[in-house]
Amino acid sequence: MSNLNLKEKLIVNHTEGESRNTNGPQKKVKLPAVVSIRDFAAKINKTPAEIIAKLMQYGVLVTINESIDFETAQIVAIDFDVEVLAEEENPALKEVEESGPLKPRTPVVAVMGHVDHGKTTLLDSIRNSQIIKGESGGITQHIGAYQIDWQGKEGKKRQITFLDTPGHEAFISLRRRGAQLTDIIILVIAADDGVKPQTIEVVNLAKEANIPIIVAINKVDLPQADPERVKRELSEYGLVPEEWGGETPMLNISALKGLGLKQLLDIVLLVADLKDLKANPSAQAVGTVIESQKDPKKGATATILIQNGTLKSGDNIVVGSAYGKVRFMENDRGKRLTEAGPGMPVLIAGLSEVPATGDTLMAVGSLSEAKKLALDFARAKSVKSLKSLKNKGVLEIKKELERKKQKKLLLILKADVSGSLETMKELINKLSLPELTLEIVKSAVGDVSESDIILAQTLGALILGFRVNLNSALKKLAEQKNVHISLYKVIYDLENDLKELILSILPPILVEVEIGKAKVLQVFRKDKKATIIGVSVLEGKLLRGSKVKIIDKEIETEITSLRKEKTEVKEVEAGSEAGVGLPGNIGITAEDVLVAYTLKEEKRRI
């Protein structure tokens, strides 16, 4: 039974009668999918302390304010002769299927591709605005959502929603979210640069999600542009241009000069029509958080892409663990709106807290219902379960102890918006090494605060800020508390500084460099003090003090003395015989082969 997880073991135990009342449970209670320790105890007429004690027996450590999932409650309840039944799912959490006609909706298009291939410039040209001027370092730092009106070939004005996603490799999680929300992907590739790692990643994401791709070959006006090369490279990844008999539209454009944009937008609407995109605008609104932040004047805000229904000013909403009433809505140009329908991105204010990027927004009947759903969501995020626990053997315990000896670099993260915060976390997880764990002790949206500095001083943590501010008073406080704060505007700088810091903390890598081989001719002496052998040097040389391995015997030692014709020497080269002294009694015999090596320091690479 040692290989069973704890849940399986408990079920086996109960089946065998080890913890079972033969008369069966005496009481039945209904519980939701996630229940707090306090509520669970009240439901089965036990004290929270009894529930906590029982869970501790099973290896689950909880507090009275934490929650457990339904399966865990069901197993624990058996020990108290209680049968647990599942409550009916809250209708507000079910998929929205309200009556009403489905109508064509605005297509959502993600503009994706490698860094500096012209994605934001393309959107800038389409919107006839200056988005790129607001981006640090000339690269997009988080997802933006923009909507335009476009008069297609049929002469009717239609709307298109665009998602601008980052191209730098650190933003992979944001690009994944962009693909999950979008109907069509415009893959921007620079004609002078060709297919790059992020280009291939976008192709794979689109295939996984079954999203059609329109390829925009950008910068065709440059002298070194080679659009045909781009097409050849893409065909190797399954994207064959229509002109070659394939199914992928590919257009030559210049985002900077506005060439080919009309044809590109016409194709977007054509592909959207083929997908027959529809939604129910009369339903209660459902959407996804594209971006969120805490604005000094507006409070907690979130950019929401409405996916079904219509969101109206004054609606009661739940967004992950946040809830509230829509105080106001704005479109991407800052214009106040009274409502927003399917496919439209809007910024909303009136939330109790900043939601996470990717959280789902739902409009509900009342503020109290929204608050309850938000609380349920928060509990579900911190739920404790028996599912993930396994019986630990000696090897697992040993590994756990070794992990506790790891060096740790404690970090406090602050960012302008939740998408940036998520990117920082992903970057830090990527840079963690077995020898040095980068542990995030706090992460939040907003400027660096006094409480951040006090926490950093208490824990000995560093504060990393991305596109946030630090006023002069707090800067002085940090200096007094000896707290290091680094602020960044470009993700490259943060990544490079972290790598440099890691390399300064960890010692260099020691690499074995083989210097020679020798064959044992005779063993002259073996005792507790030393082993003396005669060898013939086959390759390279032996050095006094060098490390030695004995092939096939997993023995490692070192040369303590080296003699040639009874004379103590520092080295013996190939073709010579020598007397070698090794420390202690070593299990070495004639015909064994020694490999001599030294340790060389090499700079780490991350």
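What's the ranking of 113-124, 233-244 by average number of surrounding C-beta atoms within 10 Å, highest first?
Ranked from most to least packed, the peptides come out as 113-124, 233-244.
Let a ≥ b ≥ c be the square roots of the eigenvalues of the Cα gyration tensor of segment 401-505; is it rounded (a/c under 1.5), or, if not, prolate (a/b larger than b/c) or oblate?
Note, shape of segment 401-505 comes out oblate.
Tell me, in nm to one decimal, what length is gained between Leu85 and Trp244 on full extension, where the rule is 0.36 nm per residue of separation less the Cα-Cα distance?
51.2 nm
Cross-link list Lys196/Lys600; Lys564/Lys603; Lys371/Lys430; Lys528/Lys564; Lys335/Lys414: which exceed 27 angstrom alpha carbon to alpha carbon?
Long pairs (Cα-Cα over 27 Å): Lys196/Lys600; Lys564/Lys603; Lys371/Lys430; Lys335/Lys414.
How much length, in nm to one decimal, is gained on full extension between Lys475 and Lys526, taken as 0.36 nm per residue of separation minus their Cα-Cα distance?
11.6 nm
Using 0.36 nm times the number of residues separating Glu71 and Ile440, minus their current alpha carbon distance, what extension gain do you get?
Taking Glu71 through Ile440 to full extension adds about 129.8 nm, to one decimal.
Would you list Phe80, Phe162 from fewest to most Cβ contacts within 10 Å?
The most exposed by this proxy come first: Phe80, Phe162.
Determine the relative contact order of segment 286-381: mean sequence separation of Cα pairs under 8 Å and six or more apart, normalised by residue count, in whole percent.
Dividing the mean separation by the residue count of segment 286-381 yields 36 percent.
Determine ³J(HN,Hα), in whole Hz, for all residues of segment 272-283 in sequence, where each value follows from phi through the Karplus function 6.51 cos²θ - 1.76 cosθ + 1.60 and θ = phi - 60°; x replaces Gly and Pro.
4, 5, 5, 7, 6, 6, 9, 8, 10, x, 8, 7
Given points 7 Å out from each Cα along the Cα-Cβ axis, report the Lys600 to Glu568 separation in nanometres with one decimal.
3.0 nm
Highest first, please rank the peptides 217-225, 482-490 by the mean number of other Cβ atoms sitting within 10 Å of their residues.
Averaged packing, sorted descending, gives the order 217-225, 482-490.
Ordered by packing density, taken as the mean number of other Cβ atoms within 10 Å over each peptide's residues, highest first, how do 450-456, 363-369 rank?
450-456, 363-369
Laboratory data are not the source of any read-out in this text; all were calculated from the coordinates shown. Owing to the predicted nature of the structure, the values given are computational and were not obtained by experimental measurement. Note that each Cβ is placed from the backbone with ideal geometry, even for glycine, and that neighbours are counted across all protein chains shown.
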